[in-house]
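Below is one structure, written out as structure tokens; comments come after it.
Quick note: the coordinates plus some simple rules give every number you see, no bench work behind them. Model, not experiment: these values are computed from the prediction. Here the Cβ positions follow ideal geometry from the backbone for every residue, glycine too, while neighbour counts run over all protein chains shown.
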Amino acid sequence: MSDKMNQPLTLQEQWTQENNELVNDVMKQQGQCASSRDQIHTNVRRCASEFHKLLEKIQGIPFHAHHAKLELSVVFNTCVCFISQSQFKEAELLITQATKRVLYVARDDADASDPLVYWRTILKSVGNTPLHPFVLYLVYLQWAIWLATCRQKTIKEFQEEIFPLFESLTGGSGDSCRDEAKGKFYNLPRLMMDPRRLVELLQICTVITQGAERLNEGCSSEALSRLQAASTMPAPRRLVAYTHFLSGSCFAQMSCHQMALQCYRKALETDSQCLCALYQSTLIYGQLENIQAEMQALRILHSTLLLPSTTEPAVAGIHLLSPSLFLPSQSLNTLLAVPSAYSILYSLASKCVIHGRAPEGVEHFLDLLAAVLHSEDEHRIDAEVSTLPKLPRIYLEAGAALLMAQRPADCVALCSEVISTTLELLPERVVLEEPEESGVASSMDVKEEADNMVRMLLWVAAAYLLQGHCCSYLKDWKQAVSHYTRCLNLLLKVYFKKRGFQPQIISADMDVKWEIDLCILQKLKGLSLAGRGISFAQMDHLSEALRDLQLSLQVLPESVVANMWCGQVLWRLGRSHEATACWEKTWSLPTQSLVETLPLYVQECQWGPLWDSTELRLRIQKLCPVLSA
């Protein structure tokens, strides 16, 4: 026995020992909790280089069955290191070189330019030989590269043949060659990861990717059965949660909302970090008009997004190859996307106000402004607020919420901030010119600049509008008229110029082909005219009041408040028949409620008793009892 131990190691034994030491080195580094992710990646890069050098030594001699298993094991280990660092071309080159050596010994040949023909030839060549499992390990790595590089068409064409081979390995028979070899060699080449775990990872990632692609194509029913089957596969929790989430998305696409919610609930029970399931649940609650559930889900989502990000615990045997490597599909990433914590807080604030919970909405708006303005991490803020409306709009919506919560002084303060920071930037007038047929690049630059100017102008106009509402609320009619007039004067600075014509002030009946929100401009104009008309009416300036209210109705004929006040002014002017006709026309109009598609500050809402259409209706019934009959 001692003589055998003193014998020098053969080349194969030396190479096997070198391979195993490298594997042990990587595993030891990953097992140390103190090791940072960067340290692990650095060590894997070093080991990849060492594996590659070892492979060059092994491939320096002719391919022979005696050391083929060692060579293919080292190829496997080198490729795992390369793939873990997204070096897919390098890994694929090694796989091709190794399989060509296998084909050479088998006296076979194949065209590597056609991957499917190539792999069919290789698998046929090794047949039931002892090399078959080792060649399969390389097939799995090739599959991993196809997944990571989005070669879905190749996978789809090959998976009917390869999936049964996957199942044979996960079933326990695929590693029999290595088990038999234990009696022949005292030192077997170790692998960087268990091929069974790799196969399980590839199977579920393939189903997830294909399910997302089918969903994107609108073929949810085709994806559903495979996703549901995949949910029972052995895999990390995060991936199983994705199968439940995508199943829910299939049901949502088929308008089976309750089934979708059940799947999203399963996804969250499987992995509490599957926030895409929680976010999609909020959207379904919104469609079902379950306001309480929607807002509760938004609150939970916002709170969770504020927590420090947590990573999934490493799963033994597959942590070298992160599942995210094999899920680069744009369709999947779009489905998994979740807005930032700021965007969720903005949605929550808006919904609270829209659904009659203005004080709560105010607190959320103020929290949002504080978070955006006082964060020290400017780069993170830039990334996260990119999905938010611009800051002046948030100020204005917060101001509208404050007024609805009966805090006019605070509303005035926010509006003053918008005015002070923006007013000086406004030009004397903004001319939107009809774009030329040619000169696309220059036209786009001009158009973008005009868009920005109009946007700023609308913000300042909206700030004056809100300040006018605050003065109306406080019954400071003279000051209200002043603010409404400032709003109107700004809006009259926007002109549109058609080719061959002089610039004209934009009006409701103009056909303006310009991608700005003219709806907001018209709303601001209609509301400011109505507000000024009501203020004039309170000061008994009835002619001016009637003029502004009628102009308001030309812009916003559906305005319940303007219609009713117009009738009231007509009644006070002694024009009772016109007043009655005006009210009769208005009586069928529904009381306008807040909607999510428009900013809060351009919506006709409960600014106070003068804007409350319910109270106005009661007044009108007292004036003209026949209308209540």
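Figures for the structure shown
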quantity	calculated
Label-point gap, in nm, between Glu596 and Gln406 - each point 7 angstrom along Cα→Cβ	2.9 nm
Whole-Hz ³J(HN,Hα) from phi, Karplus 6.51 cos²θ - 1.76 cosθ + 1.60, for region 557-574, glycine and proline x	x, 8, 5, 5, 5, 4, 4, 5, 5, 4, x, 5, 5, 4, 4, 5, 7, x
Spin-label pair Lys390/His64, simplified geometry with 7 Å Cα→Cβ offset, distance in nm	7.6 nm
Stretch gain in nm, segment Gln152-Leu283, where the contour uses 0.36 nm per residue and the Cα spacing is subtracted	44.2 nm
Extended-chain gain in nm, criterion 0.36 nm per residue less alpha-carbon gap, Gln538 and Leu474	21.8 nm
Rounded FRET efficiency, nearest 0.05, which uses the C-beta distance separating Thr304 from Glu56 and R0 of 60 Å	0.75
Zone of Asn24's modelled label, taken as backbone nitrogen in region 51-77 under 17 Å from a point 7 Å along Cα→Cβ	51
Burial ranking of peptide ranges 48-56, 85-93, 424-432 (average Cβ count within 10 Å, highest at the top)	48-56, 85-93, 424-432
Spin-label proximity, Gln330 to region 132-157 - amide N less than 16 Å from point 7 Å beyond Cα toward beta carbon	149-153
Amide H contacts under 5 Å for Tyr495, placed H, 5+ residues apart	Val430, Val431, Leu432
Full-extension gain in nm, Glu363 to Gln262, via 0.36 nm per residue minus C-alpha separation	33.2 nm
Computed label-point distance, nm, for sites Asp109 and His374 using a 7 Å Cα→Cβ extension	7.6 nm
Per-peptide average of other Cβ atoms within 10 Å, ordering 150-161, 464-475, 354-365, 480-491 highest first	464-475, 480-491, 354-365, 150-161
